[in-house]
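The values are calculated or read from the model by the stated rules, or taken from the named source; none is laboratory data. Since the structure is predicted, the reported quantities are computational estimates derived from the model, not experimental observations. Heads up, the Cβs are rebuilt from the backbone with ideal geometry, glycines too, and the neighbour counts pull from every protein chain shown.
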Amino acid sequence: MQKFTAHDAKAHFGNLIDTARREPVTIERHGRAVVVVVSKEEFDDIEAMKLERLRTEVQKGLEASARGDVIDIDENDLDAFVDGLMAGASHPAAGG
């Protein structure tokens, strides 16, 4: 993966585009990576993978619901539940 400073990315924008069409380019500001530039094709591939994952997870949820494998979540606990899901817990509201 190529790296550009923000200054170089701005100064050599055409080169940045050409490079990003071949491989992802990390742009750094003050020595810290802040963005990655990818080709439209790669972006479309990433979005398609995300959509497929979402469809798979929704399907799992529908199947679990049909089996009656559900949990009740109080509205006040919703944020904690979502945080647990993002952290990878199977049923965070149920302890795990």
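Would you mind stating whether Ser65 is loosely packed, with under 11 Cβ neighbours inside 10 Å and among the polar types (S, T, N, Q)?
Numbers: loosely packed, with under 11 Cβ neighbours inside 10 Å: yes; among the polar types (S, T, N, Q): yes.
So Ser65 passes the test.
Restricting attention to the range 1-56, report how many residues are within 21 Å of the chain's Cα centre (by Cα) and either touching a residue at least 40 places away in the same chain (Cβ under 8 Å) or assigned to a loop (DSSP other than H, G, I, E, B) (or both).
Looking only at that region, the number is 5.
Under the condition of being at pLDDT below 85 and closer than 18 Å to Arg53 by Cα, which residue from the range 86-96 is surrounded by the fewest Cβ atoms within 10 Å (Cβ to Cβ)?
Quick first cut of the range 86-96, residues at pLDDT below 85 only: 88-96.
If we keep only those that are closer than 18 Å to Arg53 by Cα as well, we get 88-90.
Values: Gly88: 7, Ala89: 14, Ser90: 9.
The extreme case among them is Gly88.
Within the range 71-81, identify whether any single residue is among the charged types (D, E, K, R), modelled with pLDDT of 95 or more and assigned to a helix (DSSP H, G or I), and answer yes or no.
Just the residues of the range 71-81 that are among the charged types (D, E, K, R), to begin with: 72, 74-75, 77, 79.
From what is left, the residues that are modelled with pLDDT of 95 or more are none.
No, the range 71-81 has no match at all.
Which residue out of Lys50, Lys40 is modelled with pLDDT of 95 or more, surrounded by 10 or more Cβ atoms within 10 Å (Cβ to Cβ) and basic (Lys, Arg)? Show your work before the answer.
On the way: Lys40 fails: surrounded by 10 or more Cβ atoms within 10 Å (Cβ to Cβ).
The unique qualifying residue is Lys50.
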